[in-house]
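Contents: one structure, followed by commentary.
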Amino acid sequence: TQTVSQSDAHVTVFEGDSVELRCNYSYGGSIYLSWYIQHHGRGLQFLLKYYSGNPVVQGVNGFEAEFSKSDSSFHLRKASVHWSDSAVYFCAVEGSNAKLTFGKGTKLSVKS
Amino acid sequence: EAAVTQSPRNKVTVTGGNVTLSCRQTNSHNYMYWYRQDTGHGLRLIHYSYGAGNLQIGDVPDGYKATRTTQEDFFLLLELASPSQTSLYFCASSGLGAYEQYFGPGTRLTVL
C-alpha cells in the first residue's frame, strides 16, 4: 500500500519568490509520481510526472519536481511565482492496480 | 486537450434519495475514476474501471455503486443517500496509466 504525505497545509509567498512544496511517499515497488494543481472551484489539472531517468522533471508554467529515492521525496519547485499560481497542489503516487493515492494537498497563496 | 464532462454540476437530495452522477470522456481513455473530495481528506477513490463492463473497488466504496456502460460513460449511483455523502465528486480518465489523469469539473452533492 502506498502513502503520500504533504507536510505543509498552507504556504504563503510573495510574487517573484521561489517556492518548494514538499511531498514524501512510501511504497516498496516501482512507482509513478505526479503533481496536480487545483484552482478554486475547478477540477485537478495534471502538472508533471516521474517514473524513471532524470530525477528532475519539468512541467508546465515553469514548475519542476525532483525525485529522491533516498529521501522518499518528490518536491515541487518554482523559481519565481506569479499570483496566478495561487491554488492547491496535490502530490500523488501510483502503485499497483492503476490506482492513484493523493496527498491531502498544500494550499499556495501568492501575495502581490 | 482531454475532455471530461460531468452532470449535473450541482445536486441536492434528501436522506434516502436516489442519485446518479454521470461522467463522459471523449478521449478514448481506458481508465475512468470516481473520487470524492472533502476538507481534511483530500481526494479519495470510490470506484474505477479499466473499460466498458469492468468495475474495480476503490478505497471508500461503501454506499456507492458504479457502472461503466461504454468506453466513454461512467456512472456513480447512490441508492440510499446519506448526509455523510455530501461532498464534491470528481470523475477522471487516463489513457496509459493512473499517474496522468484528466479531471472533470466536479459535481457538488448535498444530502439533506
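The values are calculated or read from the model by the stated rules, or taken from the named source; none is laboratory data. Predicted model only: the values in this text are computed from it and were never measured. Positions of Cβ are backbone-derived with ideal geometry, glycine not excepted, and every protein chain shown enters the neighbour counts. These accessible areas exclude ligands, DNA and RNA; they are computed on the full protein's heavy atoms, side chains included. Shrake-Rupley method; radii C 1.70, N 1.55, O 1.52, S 1.80 Å.
Using only alpha carbons, build the gyration tensor for the protein assembly as shown and give me the equivalent ellipsoid semi-axes, biggest first, whole Å.
Its equivalent ellipsoid spans semi-axes of 30, 20, 16 Å.
Below 8 Å, C-alpha to C-alpha, sequence gap of six or more: please give me the relative contact order for chain A in percent.
About 38 percent, as a whole number.
Out of all DSSP beta bridges in the protein assembly as shown, what portion is antiparallel? Express it as a percent rounded to 5.
90
Please give the per residue volume of the convex hull enclosing the alpha carbon atoms of segment A:3-111, rounded to a whole number of Å³.
Dividing the Cα hull volume of segment A:3-111 by its residue count gives 95 Å³.
I need two numbers for segment B:1-109: Rg to one decimal and Dmax as a whole number, Cα atoms only, in Å.
Every Cα atom of segment B:1-109 included, Rg and Dmax give 12.8, 39 Å.
Please list 3J(HN,Hα) in residue order for segment A:81-88, calculated via the Karplus relation 6.51 cos²θ - 1.76 cosθ + 1.60 where θ = phi - 60°; whole Hz, with x for glycine and proline.
7, 10, 4, 6, 7, 4, 4, 9
Could you list the GluC sites (Glu not before Pro) in segment B:31-112 that lie in coil according to DSSP, counting only those with at most 15 other Cβ atoms within 10 Å of their Cβ?
Here the sparse-neighbourhood loop sites are B:79.
Residues of the protein assembly as shown: accessible area per residue at 1.4 Å, in Å²?
Accessible area per residue: 47 Å².
What number comes out for the charge environment of residue B:51, summing +1 per Lys or Arg and -1 per Asp or Glu over other residues with Cβ under 13 Å away?
-1
When only DSSP loop residues count, what chymotrypsin sites (Phe, Trp or Tyr not before Pro) in segment B:9-48 have their Cβ near at most 11 other Cβ atoms within 10 Å?
Filter output for segment B:9-48: empty list.
Mind checking A:89-102 for the average number of partner chain beta-carbons within 10 Å of each residue's beta-carbon?
5
Tell me, what ³J(HN,Hα) does each residue in segment A:60-68 have, in order and in whole Hz, if you take phi through Karplus 6.51 cos²θ - 1.76 cosθ + 1.60 with θ = phi - 60° and put x for Gly and Pro?
Residue by residue, segment A:60-68 yields 7, 6, x, 7, 9, 9, 10, 8, 9 Hz.
How high is the relative contact order of segment B:4-111, in percent, with contacts defined as C-alpha pairs under 8 Å that are six or more residues apart?
About 36 percent, as a whole number.
When you look at the Cβ of every residue in B:51-64, what mean number of other chain Cβ atoms sits within 10 Å?
1
Measure up A:69/B:65; A:104/B:65; A:99/B:11 against 30 Å on the Cα-Cα distance and list the ones that go over.
Violating the 30 Å limit, Cα to Cα: A:69/B:65.
Taking the Cα centre of each part, how many Å lie between segment A:1-31 and segment B:1-62?
Each part's Cα centre sits 25 Å from the other's.
Test of understanding: what is the full-extension gain from residue A:107 to residue A:26, defined as 0.36 nm times their sequence separation minus their Cα-Cα distance?
27.0 nm
Please check segment B:78-112 for residues whose accessible area, probe 1.4 Å, is lower by 10 Å² or more when all protein chains are in place than in their chain alone.
The answer is B:90, B:98, B:99, B:100, B:101, B:103, B:105.
Per-residue HN-Hα couplings for segment B:37-52, Karplus 6.51 cos²θ - 1.76 cosθ + 1.60 at θ = phi - 60°, whole Hz, x for Gly and Pro?
My calculation for segment B:37-52 gives 10, 9, 4, x, 10, x, 9, 10, 7, 8, 8, 8, 8, 8, x, 4 Hz in order.
Ignoring any ligand, DNA or RNA, what whole percent of the accessible area of segment B:4-111 comes from carbon and sulfur when the probe is 1.4 angstrom?
Result for segment B:4-111: 50 percent of the exposed heavy-atom area is carbon or sulfur.
To the nearest 20 debye, what charge dipole does segment B:4-111 have about its Cα centre, counting +1 at the Cβ of each Lys and Arg and -1 at the Cβ of each Asp and Glu?
Taking the Cα centre of segment B:4-111 as origin, the dipole is about 220 debye.
Please work out the Cα convex hull volume for segment A:29-80 and give it in Å³ per residue.
97
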